[in-house]
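This report concerns only the one structure given below.
The values are calculated or read from the model by the stated rules, or taken from the named source; none is laboratory data. Just so we're clear, the structure is a prediction, and the values are computed from it rather than from any experiment. No Cβ is skipped: glycine too gets one built from the backbone with ideal geometry, and neighbour counts run over all protein chains shown. These area figures cover heavy atoms from the full protein model, side chains too; ligands, DNA and RNA do not enter into them. Shrake-Rupley method; radii C 1.70, N 1.55, O 1.52, S 1.80 Å.
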Amino acid sequence: MRIVMIGSGYVGLVSGACFADFGHHVTCVDKSEAKIVALEAGEVPIFEPGLDAIIQQNRSAGRLDFSTNLDPSVGDADVVFIAVGTPSRRGDGHADLSYVYAAAREIAAAVQGFTVVVTKSTVPVGTGDEIERIFREEFPDKDIAVVSNPEFLREGAAITDFKRPDRIVIGTEDGRAIEVMREVYRPLYLNEAPLYFCERRTSELIKYAANAFLAMKITFINEIADLSEKIGADVQKVAKGIGMDKRIGDKFLHAGPGYGGSCFPKDTLALVKTAQDFDSPVRLIETTVAINDNRKRAMGRKVIAACDGDVRGKKIALLGLTFKPNTDDMRDAPSITIVQALLDGGASVHAYDPEGMDAAKAVLGAVTYGKDPYEIAANADAVVIVTEWEEFRALDFTRLKSLMKAPVMVDLRNIYSLSDVVKYGFEYFAVGRKSQKQ
Ligand SMILES: NC(=O)c1ccc[n+]([C@@H]2O[C@H](COP(=O)([O-])OP(=O)(O)OC[C@H]3O[C@@H](n4cnc5c(N)ncnc54)[C@H](O)[C@@H]3O)[C@@H](O)[C@H]2O)c1
């Protein structure tokens, strides 16, 4: 099959590279000249484990190429995926679909012969209908089927998620499109990944409902964490205890500083807005959004409380900035709000992140960056674990304490336990578990 991927970001690049790895011929298109130039020079513009090797192999095999221009490749394509961004629209929180519709028009102008156009971007219910209307009214001579195929990969584990998905959701009732989509995903189907066909609007809603449910689950355990702290319970044990129940499951039950990233914040908000427009409010998700927004700032207050209620003139060292480990993505990371709360309190904020510092520099205020945890911990009044990168899981506490001004650790990801840390003389503050001051 000949596939064109419009948008070569976290989703487009991973999907394009993996489709090429299945044996399809793929052209990844992006408007960003810098991205395409980098890709053509053999550089991968994002950090995603394993992606560089797959790109390299498939470029060498002649199955993967890159372009800023969709024109020649779309004309030859069987399938064109739209994987452009759908950020929150400024002002009202609806998904901004301007990139999607612009891409759809460019595709339609270049299409020749029957072509399947697939939205892989996360788009609100009805977007496929609108794209179809645009095609029908503005490009009446073109033979195009519009399909929804939302993506469920997680950054940091994107290759595995794409190649071993729990399911592939395909929203279309067009017989020709169904055959083409079966062929596109045939290599995965042979691995027994279920292809789940449904109506297009249902498929669009599945993506939002899935993300909203997961965001709600995280928010639920975060509130149980707050309660655990007050009543002297251990939220991790509560999570394990409820997670062993198969009806609940143990995933997405890690208490922490609130969800962030490129999907949950914008997708929960967009679902709330869509539901309000249809006069069918999703109050659970409205509440989830509000609780999560408050939580990020509350985590800043938690750090301040650990520093005896005052961080003015104090040095705070943050370990991790990205919204989760194994990515360089800083979009809506809780660290952004935490840093702001600390700066507002008069702290001097120092930070280290294994992959996210370049992206962080573009979104964070006056932060000083270091090359490892120990450099930023020198003379610090507190160390705060914000993102649970592997390299923070075995810190040398003796060295850390000897460098710090005050041995205070705030562990917003619960990667340590009280007994791990207090024996080295640290004051330790976790989320939803017992904390200890010396
Ligand atoms: N990032 C994730 O983990 C994830 C997971 C599942 C779904 N999604 C969804 O996938 C979509 C893409 O997300 P992302 O994180 O890959 O975004 P991204 O910002 O990393 O990438 C989008 C890319 O599209 C390019 N682009 C925009 N308009 C274009 C056009 N007309 N032609 C060519 N290129 C164009 C941009 O330059 C950018 O490189 C979003 O709707 C998102 O919600 C993301």
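Figure the gain on full extension for LYS437 and ARG297 (residue separation times 0.36 nm, minus the Cα-Cα span) and round it to one decimal in nm.
48.2 nm
Could you compute the net charge surrounding GLY261? Neighbours are other residues with a C-beta less than 13 Å from the C-beta of GLY261; K and R count +1, D and E count -1. After counting each charged neighbour, the total is 0.
Protection proxy ranking, highest mean first, for peptides 303-313, 345-355: 345-355, 303-313, where packing is the per-residue count of other beta-carbon atoms within 10 Å, averaged. Helices in the chain that qualify as membrane-span-like (whole DSSP H runs, Cα extent of at least 27 Å along the helix axis, mean Kyte-Doolittle hydropathy of 0.0 or higher) are 200-231. Would you work out if the range 323-417 is rounded, prolate or oblate? Take a ≥ b ≥ c from the square roots of the eigenvalues of the alpha-carbon gyration tensor; rounded if a/c is under 1.5, else prolate when a/b is larger than b/c, oblate otherwise. Oblate, since a/c reaches 1.5 and b/c is not below a/b. Local charge for VAL111 was computed over the other residues whose Cβ lies under 13 Å away, with Lys and Arg +1 and Asp and Glu -1, and equals -4.
The modelled label-to-label distance for the pair CYS198/ARG312, using points 7 Å beyond Cα in the direction of Cβ, is 5.5 nm. Among GLN112, GLN276, GLN236, the largest mean-square fluctuation in a Gaussian network model of the chain, built with springs joining Cα atoms closer than 10 Å, belongs to GLN276.
Around ILE415, with a cut-off of 10 angstrom between Cβ atoms, what is the net charge of the other residues, counting Lys and Arg +1 and Asp and Glu -1? Let's see the in-between values first.
Numbers: positive: ARG393, ARG413; negative: GLU388, GLU390, ASP411, ASP420.
Net of charged neighbours comes to -2.
If you run the Gaussian network model on the chain, springs between alpha carbon atoms under 10 Å, then out of LEU271, LEU395, LEU321 the most flexible one is LEU395.
Which percent, to the nearest 5, of DSSP beta bridges fully inside the range 234-438 are antiparallel? Mind showing how you got there, number by number?
Values: 1 of 19 bridges.
That works out to approximately 5 percent antiparallel.
Taking the Cα centre of the range 234-438 as reference, the dipole from Cβ charges on Lys and Arg (+1) and Asp and Glu (-1) amounts to some 620 debye. Model label points for ARG154 and ALA210, set 7 angstrom from Cα along the Cα-to-Cβ axis, are 1.3 nm apart. The portion of the accessible surface of the range 34-189 made up by carbon and sulfur, rounded to a whole percent, is 45 (1.4 Å probe; DNA, RNA and ligands excluded). Taking 25 °C and 0.890 mPa s as the conditions, I'd like the Stokes-Einstein D for the chain in µm²/s, using the Kirkwood hydrodynamic radius from alpha carbon pairs. The estimated diffusion coefficient comes to 106 µm²/s.
Could you grab the relative contact order for the chain? Cα pairs under 8 Å, six or more apart, rounded to a whole percent.
On the way: 874 pairs, mean separation 51.2, N = 438.
This gives 12 percent for the chain.
Counting only heavy atoms of the protein chains, get the accessible area per residue of the chain (1.4 Å probe) and round it to a whole Å² value. Before the final figure, lay out each step's value.
Working: 19280 Å² over 438 residues.
For the chain, the solvent-accessible area averages 44 Å² per residue.
Take each peptide in 173-185, 360-372, count the other Cβ atoms within 10 Å of every residue, and average; sorted highest first, the result is 173-185, 360-372.
Mean-square fluctuations from a GNM of the chain, with a 10 angstrom spring cutoff on Cα atoms, peak among PHE139, PHE81, PHE47 at PHE139. Got a sec? Charge dipole of the chain, +1 on Cβ for Lys and Arg, -1 for Asp and Glu; which of TYR208, ALA95, LEU364 is way out at the positive end? Positive-end residue among those listed: LEU364. Taking the DSSP bridge list for the range 2-198 and keeping only pairs wholly inside it, about 5 percent are antiparallel. Of the trypsin sites (Lys or Arg not before Pro) found in the range 70-106, those that fall in a DSSP loop while having at most 15 other beta-carbon atoms within 10 Å are ARG90.
Longer than 27 Å from Cα to Cα, which of LYS120/LYS251; LYS302/LYS405; LYS240/LYS315; LYS273/LYS296; LYS163/LYS324; LYS266/LYS371 are they? Say none if no pair is. With Cα atoms farther than 27 Å apart: LYS240/LYS315; LYS266/LYS371. Among beta bridges from DSSP that stay inside the range 24-132, the antiparallel ones total about 10%.
The separation of the range 1-43 from the range 276-323, counted between C-alpha centres, amounts to 35 Å.
Quick one: length gained pulling GLU179 to ALA233 fully straight, 0.36 nm per residue minus the C-alpha distance? Each step should come with its number before you reach the end.
Working: separation 54, 0.36 × 54 = 19.44 nm, distance 5.37 nm.
In short, 14.1 nm is gained.
Pop the C-beta distance of LYS423 and GLU40 into the FRET formula with R0 = 60 Å and round what comes out to the nearest 0.05. The formula returns an efficiency of 0.65 here.
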